[in-house]
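Report on the following structure.
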Amino acid sequence: MSDSASIMPEHPPVTDWINDFDHTDPVWTEDPFPIWEKLRAASPVVHTERFLGCYMPTTYQAVKEIAYDTEHFSSRRVIVRDVRPEITARAPPITSDPPEHKPAKQILLPPFTPDAMKKLEPRVRAICNELIDEFIAEGKCDAAARYTKHVPVRAIAHMLGIPEKDGDLFIKWIHGILELGIKDDNALMDAVKEMTGYFAGHLEQRKKNPTDDLISTLMKAKDKDGNPLTDEHVLGSLRLLLIAGIDTTWSAIGSSLWHLAKTPADRERLVKEPALMPLAVEELLRAYSPVTMAREVMKETTVSGCPVRPGNMVLLSFPAANRDPAMFPDADKVVIDRKENRHAAFGLGIHRCVGSNLARMEMTVAIEEWLKRIPDFRLDPAGKVTWSEGTVRGPRQLPLLFGTN
Amino acid sequence: MAAKLKIRVDQDKCQGHARCKSLAPELFELDEFGNAHETGDGSVPASLEDKAWLAQSNCPEIAIEVTEE
Ligand code: HEM
């Protein structure tokens, strides 16, 4: 259990965004877009004394410079938090820098190619329909709690070869790590410990009875010297896949349905022209990018002409980069068939999301199946949409009404 | 005859976003890690020129070169 002593004091509300930004402030959580516009107008790189010192690049160009510069910016810490404890639990490749990064990443890539995702797609379509069956007759639902959350959880459980019903445990751990963990170190440590214990049990089972799922694939993988991976490495990778794969996709599907609920023109167009889905999914990823990462400044340098100093973290906001009008005309508008779209929702450079093909497939399938069965829906005026705080942004409550009732 | 297009994926830049493969599957192949390579010698049939430009203009790493020969 977490004891309250480890919880940092509440953050004072922000009054000066440009010199004192805070991505955990409720105003940011609710609607970050006008804040980013203000910060971008002030400078390509802004700074806050919060979080023991942190920069934020505000333009696409500045985000890209940092993502490409692994010499001055390390991935050893990838979440901006109130505390900066000694680094204990590493999660290669996301917390790795060159030269360790590439071999660690190459082990994970083959199971996530687009071809591998095609094989998984029928199961994901079935999962979506099983979920919809549970609430469609009610004429309404909280789509975040009953739909968007379960799609990635069940899909990754299916890939890993563990019971899909264990998904609720994953959701609890991830909440402890990505949300509570920003301000509460014990919540984070407890979640990591429980998760590791859970997967250690699954490794032991497979040592006795090998299977042909993703856990066994990782157990059979060899490192760059041809040696099998240690249990610790396999456990670290499994933790990473869950932490990186669930909240993120939950958020992306949720934001997409939220947009379609309040934008009948886009919704009707997708129902009539399903061939637009690939472009639409990329545009929704751009406009409502869920994932903000972090870097630690290792050596003094400049970014877009702005000096940055070691001892500070960097809030690496791919979502803000994707709203930069210098890169995307009408950046704050969802253009559902946007033709030129080099969005950075899955990162830029060597840390490109391992699960991007999985996430895209899940988004596509989850939106397609929803639109087939519930082509007409809107936000429930009696309910409230709430958004997650911190590193991954998406709706955590999404009350929707179906049909024209 | 009009100039013919040729495409090339810069292997140092490609990070495997696979946007090109999804937009122009005929023109790109992915290796076991999901990184893209141009199909064959990179020659673009006239009927696929639009797709070549579309793939080029959606690559987040600016890894696709389109040249006219
Ligand atoms: C819409 C959903 C998703 C989004 C927006 C997203 C976004 C990102 C971003 C921005 C990064 C780059 C991190 C950095 O630069 O430090 C990343 C890395 C990563 N993602 Fe995702 N992700 C999503 C879904 C997934 C899924 C489904 C999985 C796997 C099951 C996954 C696994 C990973 C891994 C392993 C990395 C580390 C890659 C590396 O460091 O080389 N992600 N993701």
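The values are calculated or read from the model by the stated rules, or taken from the named source; none is laboratory data. Computed from a predicted model, the values in this text were never measured in an experiment. Virtual Cβ from ideal backbone geometry, glycine too; neighbours counted across all protein chains shown. What goes into the accessible areas is simple: the full protein's heavy atoms, side chains included, and nothing from ligands, DNA or RNA. Shrake-Rupley method; radii C 1.70, N 1.55, O 1.52, S 1.80 Å.
For the range A:267-341, what is the per residue volume of the convex hull drawn over the alpha-carbon atoms, in cubic angstrom?
99 Å³
Quick one: accessible surface of A:Trp258, probe radius 1.4 Å, all protein chains present, in square angstrom to the nearest 10.
So the heavy atoms of A:Trp258 present about 40 Å² to solvent.
Evaluate the distance, in nm, between pseudo-label points positioned 7 Å from the Cα of A:His175 and of B:Val66 along their respective Cα→Cβ axes.
Using points 7 Å along Cα→Cβ, the separation is 4.8 nm.
For A:Glu194 and A:Cys306, compute 0.36 nm times the residue count separating them, minus their Cα-Cα distance, and round to one decimal in nm.
Between A:Glu194 and A:Cys306, full extension yields 36.1 nm more.
Residues with amide H under 5 Å of A:Leu316's amide H, sequence separation 5 or more or different chain, H placed in the peptide plane at 1.01 Å from N; which?
Amide H to amide H, under 5 Å and 5 or more residues apart or across chains, A:Leu316 pairs with A:Met293, A:Ala294, A:Arg295.
Step through the residues of the range A:302-315 one at a time and calculate ³J(HN,Hα) from phi using the Karplus curve (6.51 cos²θ - 1.76 cosθ + 1.60, θ = phi - 60°), rounding each to whole Hz and writing x for Gly and Pro.
Karplus values, whole Hz, x for Gly and Pro: 10, 10, 6, x, 9, x, 10, 10, x, x, 10, 8, 10, 8.
If you build the Cα gyration tensor of the protein assembly as shown and take the root of 5 times each eigenvalue, what three semi-axes come out, in whole angstrom, biggest first?
30, 28, 27
Could you tell me the calculated FRET efficiency between A:Val83 and A:Glu232, based on Cβ-Cβ distance and R0 = 25 angstrom, to the nearest 0.05?
Result of the calculation: an efficiency of 0.55.
Under a point-charge model restricted to the Cβ atoms of Lys and Arg (+1) and Asp and Glu (-1), what is the dipole moment magnitude of the protein assembly as shown relative to its Cα centre, in debye to the nearest 20?
440 debye
Taking +1 at the Cβ of each Lys and Arg and -1 at the Cβ of each Asp and Glu, which of A:His202, A:Cys353, A:Gly390 sits farthest along the dipole of the range A:26-402 towards its positive end, judged by Cα position relative to the Cα centre?
Looking along the dipole axis, the top candidate is A:Cys353.
Say each of A:Asp31 and A:Ile18 gets a label point 7 Å from the Cα, pointing the same way as Cα to Cβ; how far apart are those two points in nm?
Each label point is offset 7 Å from its Cα along the Cβ direction, giving 2.1 nm.
In the range A:228-271, which residues have a backbone nitrogen under 15 Å from the label point lying 7 Å from A:Lys372's Cα in the Cα-to-Cβ direction?
Only A:271 pass the distance filter.
Express in nm, to one decimal, how much length is gained between A:Glu49 and A:Lys262 on full extension, taking 0.36 nm for each residue of separation and deducting their alpha carbon distance.
Full extension from A:Glu49 to A:Lys262 adds 73.0 nm.
Just subtract the alpha-carbon distance of A:Leu203 and A:Ala326 from 0.36 nm times their residue separation and send over the number in nm, one decimal.
Full extension from A:Leu203 to A:Ala326 adds 39.4 nm.
Starting from the Cα of A:Ala126, step 7 Å toward the Cβ, then list every residue of the range A:157-198 with an amide N under 17 Å from that point.
A:157-166
Could you work out the pair-distance distribution P(r) of the range A:233-379 from its alpha-carbon pairs, with 5 angstrom bin width and percents rounded to whole numbers?
Once binned at 5 Å, the Cα pair distances of the range A:233-379 give 2, 8, 16, 19, 18, 14, 10, 6, 4, 2, 1.
Add -39500 (n - 2.57) for each DSSP H run of 4 or more in chain A, then divide by its residues: what number comes out at 222 nm, to the nearest 500 deg cm²/dmol?
After summing the helix terms and dividing by residue count, I get -13500 deg cm²/dmol.
Which pairs, out of A:Lys119/A:Lys140; A:Lys105/B:Lys13; A:Lys118/A:Lys384; A:Lys119/A:Lys222, put more than 26 Å between their alpha-carbon atoms?
Result: A:Lys119/A:Lys140; A:Lys118/A:Lys384 exceed 26 Å.
Can you find, among A:Val78, A:Ile94, A:Ile107, the residue farthest towards the positive end of the dipole of the range A:61-187? Put +1 on the C-beta of Lys and Arg, -1 on that of Asp and Glu.
A:Ile107
Largest first, please: the extent of the C-alpha atoms of the range B:5-68 along each principal axis, to the nearest Å.
29, 19, 18
Can you work out the FRET efficiency for the pair A:Lys118 and A:Tyr68, with r the C-beta to C-beta distance and R0 = 30 Å, to the nearest 0.05?
0.45
Take B:Asp10 and B:Glu32, extend 7 Å from each Cα along the Cα→Cβ direction, and tell me the distance between the two endpoints in nm.
Here the answer is 2.8 nm between the modelled labels.
Report the antiparallel proportion of the DSSP beta bridges in chain A as a percent, rounded to a multiple of 5.
So the antiparallel bridges amount to about 95 percent of the total.
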